[in-house]
């Protein structure tokens, strides 16, 4: 770290009710410190998760100024809330909205006629959100992304 060499000046006379100015010429120097090592455990690879997955807890949702879940998910990296000729929905990594499936307690909220997912879920009713953005299991069907 950059600092200054120590300096001491002695025998300075200070009289009562007087202000004395003493100038010091300090030379800059390098101050050596002890090495500080910071370690942290790495996140383990989860063998039971084959997808790119992000798990979001309730407290993180509560910190955001949103009412609906789609408004919150729109703030995640790679996810956009879009309106197209096909309707309104979530686009993940540039994919079409019909390629995104929203599931509530494992049940798909995708409309079988339009293939668009229902997004009007109130954020206060959510305990946890899992965002899967690719490479996931066959149980999610033909979707390119799942929430």
Within the stretch 77-87, the residues that are surrounded by 13 or more Cβ atoms within 10 Å (Cβ to Cβ) and either without any contact (Cβ under 8 Å) to a residue 40 or more places away in the chain or out of contact with any helix residue (DSSP H, G or I) (no Cβ under 9 Å at 6 or more places or on another chain) (or both) are 78, 80, 81, 82, 86, 87
What are the pairs, 6+ residues apart or on separate chains, where a residue within the stretch 6-32 that is without any contact (Cβ under 8 Å) to a residue 60 or more places away in the chain has its Cβ under 8 Å from a residue that is surrounded by 10 or more Cβ atoms within 10 Å (Cβ to Cβ) and not in a loop (DSSP other than H, G, I, E, B)? 26/4; 27/4; 28/3; 28/4; 29/3; 29/4; 30/3; 31/3
If you scan the stretch 27-57, which residues turn out to be at pLDDT below 80, surrounded by 10 or more Cβ atoms within 10 Å (Cβ to Cβ) and not in a strand (DSSP E or B)? 49, 50, 51, 52
From 74, 105, 101, grab the single residue that is under 20 Å from residue 130 (Cβ atoms), exposed (fewer than 10 other Cβ atoms within 10 Å of the Cβ) and within 27 Å of the chain's Cα centre (by Cα). 105
If you check residue 147 against the conditions, is it within 18 Å of residue 60 (Cα to Cα), at pLDDT below 75 and surrounded by 15 or more Cβ atoms within 10 Å (Cβ to Cβ)? yes
Only residues that are in a strand (DSSP E or B) and more than 15 Å from the chain's Cα centre (by Cα): list them for the stretch 77-98, please. 80, 81, 82, 83, 84, 87, 88, 89, 90, 91, 92
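The values are calculated or read from the model by the stated rules, or taken from the named source; none is laboratory data. Predicted model only: the values in this text are computed from it and were never measured. Cβ atoms come from the backbone with ideal geometry, glycine included; neighbour counts cover every protein chain shown.
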